[in-house]
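J.: Supplied in structure tokens, the structure appears directly below.
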Amino acid sequence: MTPVVQPSGRLRAEAVVDLAAVRQNVGVLRQAAHGTAVMVVLKADGYGHGAVPVARAALEAGASWLGVCTLEEARELRGAGITAPLLSWLHLPDEDFTEAVATGVDLSVSSVRHLAAVLDGARRADRPARLHLKIDTGLSRNGASPADWSALLDGASKAVADGCAQVVAVWSHLAQADSPQHPTLDLQAARLTTAWQAARERGLSPIRHLANSAATLTRPDLHFDLVRPGIAVYGLDPLDRQPAVSPLRPAMTLRARVALVKRVAAGEGVSYGHEWTTPRDTTLALVPLGYADGVPRRLGRAGRMRVLLGGALRPVVGRVCMDQVVVDCGDGATVQEGDTAVFFGSGEGGEPSAQDWADELGTIHYEIVTGVSDRRVPRTYTGAAG
């Protein structure tokens, strides 16, 4: 369990997570959902933000479901005393589902073999399994193919009749929701509805769910009975809108304290390979955060990385190293050892955002926040309720 700790101001580095921002974002999503139930997705330790504190904040803000990827992630939440409805969806067919069934975790099933394993866990737990049957509607990833759907429904129907299971939902996952008018969205929704109707024809009464963050915000016709926002909960816009115009508020700030400040003469090479040489006498600040902590090495090579330090955006110069970067502070800077350098955050203070990093690297902001090492960079929390 990730502890809820106030930022100390004395750590080498920290990822500060604003739980008030999480609650605000859940409020935005609930408003967009127009009364449809909201499942907050917490996979990958809450997208790097800390699954347990985020779960609690999301539930305080009115989320009614939680979603994770693995049984281990579900176990962490249940072990922290969180009893809200919880879905876990990515499993191997030879995993032991006994504990998950016993603790009331809903389980996604995509094949007859997966179903058999979950039902074995139900028998061991002496409790019916709660099933979400997943249909592949066009992502070609997880989920039963249309050709295998009938067999999966037959197996699930028999399990319900035998008292071993309850079919809670039929669900799927969108491939191109970040393009709200893409024709595949309507196609996938139609395929989901066909699969759901087939389940109902067998006497089952499942709900439907399909919408991720982007569809929650832009496609109310795809909300059905439950929406599953993930990245938007953390304030990162699924439509790539900059923080200044997005209704969402980024929750994570990555920062580290200056370890050393020194003057360096003109013409001196900086960091490995001397890819940058001081063009003038200057002041350099050494900040102990590097690629082992989640600062992409390629970002330094781009030559456009900036950190907010001493009240100004200052360039990172030379290569990003495993444990540290060097910041050029120029002349007249008042930067001192122990000062805080902000690598990314909400952008409200003029610092870069995770979206800025993603744009520079040609990637997505998901990769930025989930890449911040939780072993080397402690998560600290502000905005805790109460």
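Every number here is computed from the coordinates shown, using simple stated rules; none is lab data. Only a predicted model underlies this, so the values are computations on that prediction, with no experimental measurement involved. Glycine also receives a Cβ, built like all others from the backbone with ideal geometry; neighbour counts cover every protein chain displayed.
J.: Classify segment 1-113 as rounded, prolate or oblate, taking a ≥ b ≥ c as the square roots of the eigenvalues of its Cα gyration tensor: rounded when a/c is under 1.5, otherwise prolate if a/b is larger than b/c and oblate if not. If you can, show how the numbers build up before the last one.
T.: On the way: a/c = 2.33, a/b = 1.38, b/c = 1.68.
In terms of gyration-tensor shape, oblate.
J.: For the charge dipole of the chain, defined by +1 on Lys and Arg C-beta atoms and -1 on Asp and Glu C-beta atoms about the Cα centroid, which residue among Gln197, Cys329, Met305 has the Cα displaced farthest towards the positive pole?
T.: With unit charges placed on the Cβ atoms, the residue in question is Cys329.
J.: Based on the mean of other Cβ atoms within 10 Å per residue, sort peptides 137-143, 282-288, 52-58 so the most packed one is first.
T.: Working: 137-143: 17.0, 282-288: 20.6, 52-58: 25.3.
The densest-packed peptide leads the list: 52-58, 282-288, 137-143.
J.: Provide His274, His114 in ascending order of the number of other Cβ atoms located within 10 Å of each residue's Cβ, fewest first.
T.: Values: His274 11, His114 25.
Final ranking by Cβ density, sparse to dense: His274, His114.
J.: Right, next: Just to verify a number: FRET efficiency for Gln181 and Lys262, C-beta to C-beta distance, R0 = 45 Å, to 0.05? Don't jump to the answer; show the numbers that get you there.
T.: Details: r = 55 Å, r/R0 = 1.22.
Calculated value: 0.25.
J.: How would you order 240-247, 211-218, 103-110 from highest to lowest mean count of nearby Cβ atoms within 10 Å?
T.: On the way: 240-247: 14.0, 211-218: 24.5, 103-110: 21.9.
Averaged packing, sorted descending, gives the order 211-218, 103-110, 240-247.
J.: Given springs between every Cα pair under 10 Å in a Gaussian network model of the chain, which of Gly310, Gly67, Gly46 has the largest fluctuation?
T.: Gly310
J.: Please arrange Ile207, Ile82, Ile231, Ile368 by how many other C-beta atoms lie within 10 Å of their C-beta, fewest to most.
T.: Numbers: Ile207 15, Ile82 18, Ile231 21, Ile368 26.
In increasing order of surrounding Cβ atoms, one gets Ile207, Ile82, Ile231, Ile368.
J.: Quick one: Karplus J couplings for segment 232-239, per residue in order, coefficients 6.51, -1.76, 1.60, θ = phi - 60°, nearest Hz, x for Gly and Pro?
T.: Each residue's phi maps through the Karplus curve to give 5, 4, 8, x, 9, 6, x, 9 Hz.
J.: Note down the nm distance, to one decimal, between modelled labels 7 Å out along Cα→Cβ at Arg241 and at Ser140.
T.: 3.3
J.: Anyone know which of Asp18, Asp126, Asp178 comes out most mobile in the 10 Å Cα GNM of the chain?
T.: Comparing Asp18, Asp126, Asp178 in the GNM, the peak value goes to Asp126.
J.: Among DSSP beta bridges lying fully in the chain, give the percent that are antiparallel, nearest 5. Walk me through the numbers before you get to the answer.
T.: On the way: 28 of 58 bridges.
Antiparallel bridges make up about 50 percent of those DSSP assigns within the chain.
J.: Continuing with the same structure: May I ask you to compute the full-extension gain from Gln31 to Lys158, defined as 0.36 nm times their residue separation minus their alpha-carbon distance, rounded to one decimal in nm?
T.: Values: separation 127, 0.36 × 127 = 45.72 nm, distance 3.88 nm.
This chain segment gains 41.8 nm when fully extended.
J.: Considering only Pro279, Pro85, Pro146, give the residue with the highest GNM mean-square fluctuation for the chain, with springs between Cα atoms whenever their separation is below 10 Å.
T.: In this elastic network of the chain, the residue with the biggest mean-square fluctuation among Pro279, Pro85, Pro146 is Pro279.
J.: In terms of the ratio Rg/(2.2 N^0.38 Å) built on C-alpha atoms, what value belongs to segment 19-234? Write out the running numbers ahead of the final one.
T.: Working: Rg = 16.4 Å, N = 216, 2.2 N^0.38 = 17.0 Å.
Ratio of Cα Rg to 2.2 N^0.38 Å: 0.97.
J.: Is any residue of segment 308-330 close enough, with backbone N under 19 Å, to a label point placed 7 angstrom from the Cα of Glu367 along the Cα-Cβ axis, and if so, which?
T.: 320-322, by backbone N distance to the label point.
J.: Assuming 0.36 nm per residue, please report the length gained on full extension of the stretch Glu72 to Arg301 beyond their Cα-Cα distance.
T.: Numbers: separation 229, 0.36 × 229 = 82.44 nm, distance 3.68 nm.
The Glu72-Arg301 span can extend by a further 78.8 nm.
J.: Just the ratio, please: alpha-carbon radius of gyration of the chain over 2.2 N^0.38 Å, N its number of residues.
T.: Numbers: Rg = 23.8 Å, N = 386, 2.2 N^0.38 = 21.2 Å.
Cα Rg divided by the expected 2.2 N^0.38 Å: 1.12.
J.: Roughly how many nanometres apart are two label points built 7 Å out from the Cα toward the Cβ at Thr382 and Ala116?
T.: Simple spin-label model gives 5.4 nm for this pair.
J.: If you don't mind, another one. Taking other Cβ within 10 Å of each residue's Cβ, how do Lys262, Lys134, Lys43 sort, fewest first? It would help to have the intermediate numbers written out before the result.
T.: Working: Lys262 10, Lys134 26, Lys43 17.
Sorted ascending by nearby Cβ count, the order is Lys262, Lys43, Lys134.
J.: Would segment 261-376 count as rounded, prolate or oblate if I go by the C-alpha gyration tensor, calling it rounded below 1.5 in a/c and otherwise prolate when a/b exceeds b/c, oblate otherwise?
T.: Details: a/c = 1.80, a/b = 1.46, b/c = 1.23.
Verdict is prolate for segment 261-376.
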